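Before any comments, here is the structure.
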Amino acid sequence: MSFLEQKDFIEENDTVILYLSPSSMHAINVREMMKNKKGELIEYIFQTSFGALKVKSLIGVRYGNKVELSRGHAYALQPTPELWTNTLPHRTQIIYTPDISMILFQLDVKPGNIVIESGTGSGSLSHHFLRGVKPNGHLFTFDFHEARVEQAKVEFTNHGVSNFVTVTHRDVIKDGFTEELNGKADAIFLDLPAPDKAVSHAFKALKSSGGRFCSFSPCIEQTQKVCEELQKHGFTEIQSMEILQSEEIVKMRSVQIMDLDFVRTKKILTTCDIELNDNKKHSKEVQKIITSSAPQILPGHTGYLTFGTLSPIFAR
Ligand SMILES: C[S@@+](CC[C@H](N)C(=O)[O-])C[C@H]1O[C@@H](n2cnc3c(N)ncnc32)[C@H](O)[C@@H]1O
(Lines give C-alpha, C1' and ligand atoms only; values in the text may rest on other atoms or scores of the structure.)
Protein backbone atom coordinates (compact mmCIF):
# COMPACT_ATOMS: atom_id res chain seq x y z
CA MET A 1 0.00 0.00 0.00
CA SER A 2 3.06 2.24 -0.02
CA PHE A 3 2.04 4.45 -3.03
CA LEU A 4 -1.17 5.73 -1.46
CA GLU A 5 0.12 7.96 1.31
CA GLN A 6 3.28 8.84 3.22
CA LYS A 7 4.15 6.16 5.77
CA ASP A 8 6.75 6.04 8.51
CA PHE A 9 7.54 2.34 8.73
CA ILE A 10 7.80 -0.52 6.23
CA GLU A 11 5.10 -3.18 6.51
CA GLU A 12 4.71 -6.59 4.88
CA ASN A 13 3.41 -6.32 1.25
CA ASP A 14 4.77 -2.77 0.80
CA THR A 15 6.69 -2.00 -2.37
CA VAL A 16 10.06 -0.62 -1.27
CA ILE A 17 12.72 0.96 -3.47
CA LEU A 18 16.13 -0.36 -2.45
CA TYR A 19 18.44 2.51 -3.44
CA LEU A 20 22.12 1.64 -3.92
CA SER A 21 23.11 4.56 -6.17
CA PRO A 22 21.44 6.86 -8.74
CA SER A 23 21.97 4.21 -11.42
CA SER A 24 21.21 1.18 -9.26
CA MET A 25 17.86 0.76 -7.53
CA HIS A 26 15.41 -2.11 -7.22
CA ALA A 27 11.69 -2.32 -6.45
CA ILE A 28 11.04 -5.07 -3.89
CA ASN A 29 7.71 -6.44 -2.73
CA VAL A 30 8.26 -6.99 1.00
CA ARG A 31 7.41 -10.52 2.10
CA GLU A 32 9.10 -13.21 4.16
CA MET A 33 8.95 -16.09 1.71
CA MET A 34 9.13 -16.63 -2.05
CA LYS A 35 8.69 -19.59 -4.38
CA ASN A 36 11.79 -21.08 -6.01
CA LYS A 37 11.88 -22.56 -9.54
CA LYS A 38 10.56 -25.88 -8.18
CA GLY A 39 7.57 -24.09 -6.62
CA GLU A 40 8.86 -24.65 -3.04
CA LEU A 41 8.48 -21.88 -0.45
CA ILE A 42 11.87 -20.53 0.63
CA GLU A 43 13.08 -17.46 2.52
CA TYR A 44 13.10 -14.38 0.25
CA ILE A 45 16.72 -13.26 -0.17
CA PHE A 46 17.29 -10.39 -2.63
CA GLN A 47 20.69 -10.25 -4.39
CA THR A 48 22.27 -6.88 -5.23
CA SER A 49 25.70 -5.76 -6.45
CA PHE A 50 26.50 -4.96 -2.78
CA GLY A 51 25.47 -8.43 -1.58
CA ALA A 52 22.35 -10.10 -0.24
CA LEU A 53 19.39 -8.76 1.73
CA LYS A 54 16.98 -10.83 3.83
CA VAL A 55 13.80 -9.11 2.67
CA LYS A 56 11.90 -9.79 5.92
CA SER A 57 14.53 -7.66 7.73
CA LEU A 58 12.93 -4.61 6.04
CA ILE A 59 9.71 -5.02 8.03
CA GLY A 60 9.57 -2.34 10.74
CA VAL A 61 12.44 -0.27 9.26
CA ARG A 62 11.72 3.47 9.00
CA TYR A 63 11.41 4.63 5.38
CA GLY A 64 14.56 6.45 4.27
CA ASN A 65 16.83 4.53 6.64
CA LYS A 66 20.06 2.76 5.75
CA VAL A 67 19.89 -1.05 5.55
CA GLU A 68 22.88 -3.34 5.73
CA LEU A 69 23.68 -5.68 2.84
CA SER A 70 26.23 -8.48 3.09
CA ARG A 71 28.88 -6.35 1.24
CA GLY A 72 27.71 -2.77 1.82
CA HIS A 73 24.55 -0.83 2.42
CA ALA A 74 21.51 0.67 0.67
CA TYR A 75 18.57 2.95 1.55
CA ALA A 76 14.98 1.72 1.84
CA LEU A 77 12.83 4.36 0.14
CA GLN A 78 9.10 4.76 -0.15
CA PRO A 79 8.16 4.54 -3.84
CA THR A 80 7.18 7.57 -5.89
CA PRO A 81 6.00 7.41 -9.52
CA GLU A 82 9.49 8.61 -10.55
CA LEU A 83 11.27 5.83 -8.65
CA TRP A 84 8.74 3.29 -9.96
CA THR A 85 9.43 4.40 -13.56
CA ASN A 86 13.14 3.72 -12.90
CA THR A 87 12.63 0.27 -11.40
CA LEU A 88 9.40 -1.26 -12.78
CA PRO A 89 9.39 -4.59 -14.64
CA HIS A 90 9.25 -3.73 -18.36
CA ARG A 91 6.52 -5.48 -20.33
CA THR A 92 6.71 -2.86 -23.11
CA GLN A 93 8.63 0.26 -24.03
CA ILE A 94 7.80 2.83 -21.36
CA ILE A 95 7.59 6.59 -21.10
CA TYR A 96 10.28 8.18 -18.93
CA THR A 97 10.15 11.11 -16.52
CA PRO A 98 11.39 13.93 -18.85
CA ASP A 99 8.52 13.23 -21.30
CA ILE A 100 6.10 12.51 -18.44
CA SER A 101 6.77 15.89 -16.81
CA MET A 102 5.85 17.70 -20.03
CA ILE A 103 2.77 15.48 -20.54
CA LEU A 104 1.42 16.24 -17.03
CA PHE A 105 2.17 19.94 -17.38
CA GLN A 106 0.64 20.35 -20.85
CA LEU A 107 -2.43 18.23 -20.06
CA ASP A 108 -2.87 20.31 -16.89
CA VAL A 109 -3.53 17.15 -14.84
CA LYS A 110 -4.88 17.95 -11.39
CA PRO A 111 -6.91 16.42 -8.56
CA GLY A 112 -10.47 15.63 -9.62
CA ASN A 113 -9.65 15.20 -13.33
CA ILE A 114 -10.93 12.36 -15.49
CA VAL A 115 -7.99 11.16 -17.61
CA ILE A 116 -8.09 8.53 -20.36
CA GLU A 117 -4.94 6.67 -21.39
CA SER A 118 -4.16 4.02 -24.01
CA GLY A 119 -2.18 1.74 -24.05
CA THR A 120 -1.53 0.95 -20.46
CA GLY A 121 1.68 -0.91 -21.38
CA SER A 122 3.87 -1.32 -18.27
CA GLY A 123 1.91 1.30 -16.29
CA SER A 124 4.83 3.73 -16.06
CA LEU A 125 2.86 6.84 -17.05
CA SER A 126 -0.31 5.55 -15.32
CA HIS A 127 1.30 5.91 -11.88
CA HIS A 128 2.06 9.59 -12.58
CA PHE A 129 -1.50 10.25 -13.80
CA LEU A 130 -2.82 8.53 -10.66
CA ARG A 131 -0.81 10.75 -8.33
CA GLY A 132 -2.09 13.78 -10.28
CA VAL A 133 -5.84 12.97 -10.22
CA LYS A 134 -6.10 11.64 -6.64
CA PRO A 135 -8.06 11.88 -4.35
CA ASN A 136 -11.28 12.62 -6.28
CA GLY A 137 -10.35 12.07 -9.93
CA HIS A 138 -10.04 8.87 -11.95
CA LEU A 139 -7.80 7.31 -14.59
CA PHE A 140 -9.38 5.09 -17.28
CA THR A 141 -6.63 3.11 -18.97
CA PHE A 142 -7.09 0.77 -21.97
CA ASP A 143 -4.91 -1.92 -23.53
CA PHE A 144 -5.73 -4.65 -26.06
CA HIS A 145 -3.12 -7.04 -24.59
CA GLU A 146 -4.95 -9.10 -21.98
CA ALA A 147 -1.93 -10.24 -19.93
CA ARG A 148 -0.71 -6.61 -19.62
CA VAL A 149 -4.17 -5.54 -18.46
CA GLU A 150 -4.22 -8.27 -15.78
CA GLN A 151 -0.68 -7.46 -14.60
CA ALA A 152 -1.47 -3.74 -14.39
CA LYS A 153 -4.55 -4.53 -12.26
CA VAL A 154 -2.39 -6.59 -9.87
CA GLU A 155 0.18 -3.79 -9.57
CA PHE A 156 -2.44 -1.07 -8.98
CA THR A 157 -3.98 -3.23 -6.23
CA ASN A 158 -0.59 -3.98 -4.64
CA HIS A 159 0.22 -0.26 -4.71
CA GLY A 160 -3.06 0.70 -3.03
CA VAL A 161 -4.30 2.88 -5.91
CA SER A 162 -6.93 0.59 -7.47
CA ASN A 163 -9.84 2.84 -6.31
CA PHE A 164 -8.58 5.59 -8.61
CA VAL A 165 -8.11 3.56 -11.80
CA THR A 166 -10.18 1.38 -14.16
CA VAL A 167 -8.16 -0.88 -16.45
CA THR A 168 -10.06 -2.14 -19.50
CA HIS A 169 -9.10 -4.79 -22.03
CA ARG A 170 -10.10 -3.22 -25.35
CA ASP A 171 -8.87 -2.38 -28.83
CA VAL A 172 -9.40 1.37 -28.74
CA ILE A 173 -8.67 1.85 -32.44
CA LYS A 174 -11.33 -0.64 -33.47
CA ASP A 175 -13.89 -0.04 -30.69
CA GLY A 176 -13.09 3.40 -29.25
CA PHE A 177 -13.30 4.14 -25.54
CA THR A 178 -16.25 2.83 -23.52
CA GLU A 179 -19.65 4.56 -24.10
CA GLU A 180 -19.97 5.85 -20.54
CA LEU A 181 -16.86 7.98 -21.08
CA ASN A 182 -18.37 10.01 -23.95
CA GLY A 183 -18.04 13.70 -23.08
CA LYS A 184 -16.41 12.94 -19.69
CA ALA A 185 -12.63 13.34 -20.09
CA ASP A 186 -10.58 16.37 -19.10
CA ALA A 187 -7.51 14.93 -20.82
CA ILE A 188 -6.63 12.08 -23.17
CA PHE A 189 -3.25 10.52 -23.74
CA LEU A 190 -2.36 8.04 -26.52
CA ASP A 191 0.76 5.86 -26.77
CA LEU A 192 -0.31 3.62 -29.66
CA PRO A 193 1.25 2.45 -32.92
CA ALA A 194 -1.37 4.32 -35.04
CA PRO A 195 -2.56 7.16 -32.80
CA ASP A 196 -4.19 9.11 -35.67
CA LYS A 197 -6.80 6.34 -35.91
CA ALA A 198 -7.94 7.05 -32.32
CA VAL A 199 -8.29 10.85 -32.63
CA SER A 200 -12.02 10.61 -33.52
CA HIS A 201 -12.58 8.50 -30.37
CA ALA A 202 -10.66 11.04 -28.28
CA PHE A 203 -12.83 13.81 -29.77
CA LYS A 204 -15.96 11.95 -28.57
CA ALA A 205 -14.61 11.30 -25.08
CA LEU A 206 -13.45 14.85 -24.28
CA LYS A 207 -15.80 17.08 -22.25
CA SER A 208 -18.15 19.44 -24.10
CA SER A 209 -16.55 22.19 -22.01
CA GLY A 210 -13.28 21.28 -23.75
CA GLY A 211 -10.12 19.39 -22.87
CA ARG A 212 -6.53 18.61 -23.78
CA PHE A 213 -5.11 15.87 -25.98
CA CYS A 214 -1.62 14.36 -26.16
CA SER A 215 -0.10 11.64 -28.29
CA PHE A 216 3.41 10.16 -27.91
CA SER A 217 4.97 8.74 -31.04
CA PRO A 218 8.58 7.82 -31.88
CA CYS A 219 7.87 8.34 -35.57
CA ILE A 220 7.53 11.72 -37.32
CA GLU A 221 5.16 10.35 -40.01
CA GLN A 222 2.70 9.22 -37.31
CA THR A 223 3.07 12.61 -35.64
CA GLN A 224 2.18 14.38 -38.90
CA LYS A 225 -0.90 12.18 -39.36
CA VAL A 226 -2.04 12.95 -35.79
CA CYS A 227 -1.70 16.70 -36.47
CA GLU A 228 -3.83 16.35 -39.62
CA GLU A 229 -6.53 14.41 -37.74
CA LEU A 230 -6.53 16.92 -34.89
CA GLN A 231 -7.04 19.76 -37.37
CA LYS A 232 -9.91 17.90 -39.07
CA HIS A 233 -11.65 17.52 -35.71
CA GLY A 234 -11.36 21.21 -34.79
CA PHE A 235 -8.53 20.97 -32.25
CA THR A 236 -6.53 24.15 -31.82
CA GLU A 237 -3.13 25.01 -30.27
CA ILE A 238 -1.68 21.95 -32.04
CA GLN A 239 1.98 21.63 -31.15
CA SER A 240 4.55 18.83 -31.54
CA MET A 241 7.76 18.77 -29.54
CA GLU A 242 10.66 16.55 -28.60
CA ILE A 243 12.03 16.56 -25.06
CA LEU A 244 15.80 16.16 -25.04
CA GLN A 245 17.42 15.83 -21.65
CA SER A 246 20.98 17.08 -21.81
CA GLU A 247 23.56 17.18 -19.04
CA GLU A 248 26.02 20.04 -18.71
CA ILE A 249 29.66 19.05 -18.24
CA VAL A 250 30.97 20.93 -15.21
CA LYS A 251 34.74 20.89 -14.59
CA MET A 252 37.75 22.97 -13.46
CA ARG A 253 39.71 24.49 -16.36
CA SER A 254 42.76 26.75 -16.60
CA VAL A 255 41.57 29.94 -18.25
CA GLN A 256 43.48 33.15 -19.16
CA ILE A 257 41.79 36.05 -17.43
CA MET A 258 41.57 39.10 -19.67
CA ASP A 259 42.96 42.40 -18.36
CA LEU A 260 39.90 44.55 -19.01
CA ASP A 261 41.75 47.80 -18.17
CA PHE A 262 44.27 47.05 -20.92
CA VAL A 263 41.48 46.15 -23.36
CA ARG A 264 39.66 49.42 -22.57
CA THR A 265 42.70 51.71 -22.84
CA LYS A 266 43.82 50.16 -26.13
CA LYS A 267 40.23 50.25 -27.48
CA ILE A 268 40.35 46.61 -28.41
CA LEU A 269 36.93 45.78 -29.79
CA THR A 270 37.18 42.35 -31.39
CA THR A 271 39.08 39.09 -30.92
CA CYS A 272 40.88 39.96 -34.11
CA ASP A 273 42.17 43.15 -32.45
CA ILE A 274 43.35 41.10 -29.50
CA GLU A 275 45.36 38.81 -31.77
CA LEU A 276 47.05 41.81 -33.39
CA ASN A 277 48.17 43.05 -29.95
CA ASP A 278 50.67 41.46 -27.65
CA ASN A 279 48.85 38.39 -26.37
CA LYS A 280 50.43 38.53 -22.93
CA LYS A 281 49.60 42.19 -22.24
CA HIS A 282 45.82 41.78 -22.28
CA SER A 283 45.87 38.62 -20.13
CA LYS A 284 46.36 39.25 -16.44
CA GLU A 285 47.00 35.68 -15.36
CA VAL A 286 45.95 32.06 -15.74
CA GLN A 287 43.33 31.04 -13.24
CA LYS A 288 41.66 27.72 -12.50
CA ILE A 289 37.92 28.32 -12.60
CA ILE A 290 34.86 26.12 -12.69
CA THR A 291 33.29 25.97 -16.17
CA SER A 292 30.28 24.32 -17.74
CA SER A 293 29.78 23.26 -21.34
CA ALA A 294 27.33 21.27 -23.44
CA PRO A 295 28.14 17.58 -24.04
CA GLN A 296 29.59 16.50 -27.41
CA ILE A 297 26.94 13.82 -27.91
CA LEU A 298 23.26 14.69 -28.23
CA PRO A 299 20.80 12.78 -26.02
CA GLY A 300 18.92 9.90 -27.70
CA HIS A 301 15.51 10.27 -29.33
CA THR A 302 12.51 8.90 -27.43
CA GLY A 303 9.53 10.31 -29.26
CA TYR A 304 7.50 13.33 -30.31
CA LEU A 305 4.76 14.67 -28.09
CA THR A 306 1.81 16.19 -29.92
CA PHE A 307 -0.66 18.33 -27.98
CA GLY A 308 -3.97 19.88 -28.94
CA THR A 309 -6.87 21.70 -27.27
CA LEU A 310 -10.53 20.97 -27.93
CA SER A 311 -12.33 24.24 -27.23
CA PRO A 312 -16.01 24.25 -26.13
CA ILE A 313 -17.12 25.72 -29.49
CA PHE A 314 -15.64 22.76 -31.38
CA ALA A 315 -16.51 20.00 -28.88
CA ARG A 316 -19.45 17.65 -29.59
C1 LIG B 1 4.46 1.42 -25.67
S2 LIG B 1 3.22 0.66 -24.78
C3 LIG B 1 2.62 1.89 -23.67
C4 LIG B 1 3.58 2.17 -22.55
C5 LIG B 1 3.02 3.07 -21.50
N6 LIG B 1 2.78 4.40 -21.99
C7 LIG B 1 3.98 3.14 -20.31
O8 LIG B 1 4.53 4.22 -20.02
O9 LIG B 1 4.20 2.10 -19.66
C10 LIG B 1 1.93 0.56 -25.97
C11 LIG B 1 0.76 -0.28 -25.50
O12 LIG B 1 -0.34 -0.04 -26.39
C13 LIG B 1 -1.04 -1.24 -26.52
N14 LIG B 1 -1.85 -1.13 -27.76
C15 LIG B 1 -1.38 -1.12 -29.03
N16 LIG B 1 -2.41 -0.98 -29.90
C17 LIG B 1 -3.54 -0.90 -29.14
C18 LIG B 1 -4.92 -0.74 -29.46
N19 LIG B 1 -5.35 -0.67 -30.72
N20 LIG B 1 -5.81 -0.68 -28.43
C21 LIG B 1 -5.39 -0.76 -27.14
N22 LIG B 1 -4.09 -0.92 -26.80
C23 LIG B 1 -3.18 -0.99 -27.78
C24 LIG B 1 0.02 -2.32 -26.55
O25 LIG B 1 -0.52 -3.58 -26.15
C26 LIG B 1 1.04 -1.78 -25.54
O27 LIG B 1 0.84 -2.34 -24.26
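The values are calculated or read from the model by the stated rules, or taken from the named source; none is laboratory data. Just so it is clear, the model here is predicted, and its values are computed rather than measured. All Cβ positions, glycine included, derive from the backbone under ideal geometry; neighbour counts span all protein chains shown. Only protein heavy atoms, including side chains, enter the accessible area calculation; ligands, DNA and RNA are left aside. Shrake-Rupley method; radii C 1.70, N 1.55, O 1.52, S 1.80 Å.
General remarks:
- Two numbers describe the Cα atoms of the chain: Rg and Dmax, which are 26.2, 86 Å.
- C-alpha long axis of helix 220-232 to longest principal axis of the chain, angle in °: 70 degrees
- For region 86-153, the ratio of Cα radius of gyration to the globular rule of thumb 2.2 N^0.38 Å stands at 1.07.
- Degrees, to the nearest 10: 124-133 long Cα axis against longest axis of the chain: 80 degrees
- The residues of region 15-79 present an accessible area of 57 Å² per residue when probed at 1.4 Å with all protein chains retained.
- Checking the Cα-Cα distances for 134/184; 56/134; 174/197; 110/134 against a 19 Å cut-off, the pairs over it are 56/134.
- Legend: calculated FRET efficiency, residue 194 to residue 13, from the Cβ-Cβ distance at R0 = 41 Å, rounded to 0.05, equals 0.55.
- Percent RCO, i.e. relative contact order, over region 10-154, from Cα pairs under 8 Å lying at least 6 residues apart: 18 percent
- Estimated distance in nm for a label pair at residue 313 and residue 291, the labels positioned 7 Å out from Cα along Cα-to-Cβ: 5.4 nm
- Debye log10 I(q)/I(0) for region 41-187, one point scatterer per Cα, at q = 0.13, 0.15, 0.17, 0.22 Å⁻¹: -0.68, -0.85, -1.01, -1.40
- Residue-count net charge about residue 144 - beta-carbon cut-off 14 Å; Lys, Arg +1, Asp, Glu -1: -2
- Kirkwood-based shape ratio for region 200-239, expressed as Rg/Rh from alpha carbons: 0.96
- Portion, in percent, of the accessible area of the chain that falls on carbon or sulfur, probe 1.4 Å: 53 percent
- A Cα-only calculation for region 1-124 places Rg and Dmax at 16.5, 49 Å.
- Along its principal axes, region 15-79 has C-alpha extents of 34, 23, 18 angstrom, given from the largest down.
- Relative contact order [Cα under 8 Å, 6+ residues apart], the chain, whole percent: 14 percent
- You can think of it this way: the chain between residue 247 and residue 68 has 61.2 nm of extra reach, that is 0.36 nm per residue less the Cα-Cα gap.
- Residues of region 159-202: accessible area per residue with a 1.4 Å probe, Å²: 41 Å²
- Summing +1 for each Lys or Arg and -1 for each Asp or Glu among the other residues whose beta-carbon sits under 9 angstrom from that of residue 291 gives +2.
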